[in-house]
1. May I ask you to list the residues in the range 107-158 that are β-branched (Val, Ile, Thr), in a loop (DSSP other than H, G, I, E, B) and either within 16 Å of ligand 1 (Cβ to nearest atom) or surrounded by 15 or more Cβ atoms within 10 Å (Cβ to Cβ) (or both)?
2. Which of the residues spanning the range 176-234 are part of a loop (DSSP other than H, G, I, E, B) and in contact with a His (Cβ under 9 Å, 6 or more places away or on another chain)?
3. When you go through (1) in contact (Cβ under 8 Å) with a residue 60 or more places away in the chain; (2) out of contact with any Leu (no Cβ under 6 Å at 6 or more places or on another chain); (3) more than 16 Å from ligand 1 (Cβ to nearest atom) one by one for residue 30, which number turns out not to apply?
4. Can you find, within the range 185-234, the residue that is nearest to the chain's Cα centre (by Cα) among those that are more than 13 Å from residue 49 (Cα to Cα) and either of a type in the set (Asp, Glu) or at pLDDT below 95 (or both)?
5. Go through (1) crowded, with 18+ Cβ neighbours inside 10 Å; (2) touching a Ser or Thr at 6+ places or on another chain (Cβ under 8 Å) for residue 13 and report which single condition fails.
6. If I ask for residues that are of a type in the set (D, E, K, R), buried (at least 23 other Cβ atoms within 10 Å of the Cβ) and farther than 25 Å from residue 168 by Cα, which ones from the range 180-234 would you list?
7. Return only the number of the condition from (1) surrounded by fewer than 17 Cβ atoms within 10 Å (Cβ to Cβ); (2) out of contact with any strand residue (DSSP E or B) (no Cβ under 6 Å at 6 or more places or on another chain); (3) outside any helix (DSSP H, G or I) that residue 104 does not satisfy.
Amino acid sequence: MEKLEMLYEGKAKKVYQTEDPNLYIVEYKDDATAFNGEKKGSIAGKGVINNKMTNIVFQYLEKNGIQTHFVKELSDRQTLVKKVEIVPLEVIVRNIAAGSFSKKFGVEEGTGLQNPILEFSYKNDSLGDPMINNMQITALGLATEKELDIISQMALKINELLKTFFWERNIILVDFKIEFGRCGAQIILADEISPDTCRLWDKDTKEKLDKDRFRRDLGKVEQAYEEVWNRITK
Ligand code: TMP
Ligand code: ASP
């Protein structure tokens with residue numbers, strides 16, 4: 001399958017049309033941004049790792065009953081996916097306090113939570129992806145109540161599956177962001193699951209193995225992505 005016209009260029013990926021109107025090709029870049037594009041940089045080799053890691057994780061989720069947009073890995077940076085209409089929500093699940101949650105509620109990073117937390121942000125760069133609740137989502141027509149129920153159930157199930165997946169690889173899944181798409185009458189998992197979109201800490205040392213190393217200038221960014229990749233493919 002060949003890529004045709006580029007449809008969209010995001011901060012980390014490009015999306016191309018193919019000769020099949022139901023299939024797109026996504027191409028992962030090494031570009032990295034943070035704080036709504038304010039901080040810009042590049043993480044060498046990131047595109048390859050994020051592409052291949054997402055594909056491994058999506059196939060694991062598929063095996064466990066989660067439908068995803070994954071069709072076929074085409075090359076190091078390119079994957080064939082089902083065409084979906086993205087639901088304009090960033091769906092965030094948290095297991096341990098960190099990042100914006102720690103800041104907002106004054107809880108130290110690393111504090112345990114009594115239950116996993118599900119949060120939504122409205123995917124809108126010009127508004128800075130504001131947090132949004134269920135009634136605001138349905139009132140704005142971003143998703144129906146039924147779609148939100150499905151998305152919520154899928155997100156929590158994905159969390160349980162991913163927690164196990166990473167734990168077996170000596171990694172704590174602190175939190176992550178996922179996106180969903182409409183494909184016919186179905187809601188399926190789309191976008192990516194990678195160190196760009198998850199907080200991943202070493203189980204023993206609690207060392208950060210994710211994009212926070214870039215966001216916070218902690219150094220050894222490439223090494224952290226490599227380390228996650230090595231543990232996944234061990
Ligand atoms: P937060 O603590 O900054 O709200 O981030 C929660 C999770 O979502 C974390 O795993 C990083 C991920 N994330 C993205 O994937 N994209 C984003 O634009 C942001 C802000 C967070
Ligand atoms: N990639 C996001 C942006 O630049 C932010 C992040 O991942 O922290 O907006």
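The values are calculated or read from the model by the stated rules, or taken from the named source; none is laboratory data. Computed from a prediction, not measured in an experiment: that's the story for all the values here. Because the Cβ atoms are built from the backbone with ideal geometry, glycine has one as well, and the counts that use them run over all protein chains shown.
1. 107, 111, 132
2. Selection gives 191 alone.
3. (1)
4. Here the answer is 191.
5. Failed condition: (2).
6. none
7. Status for residue 104: all satisfied but (3).
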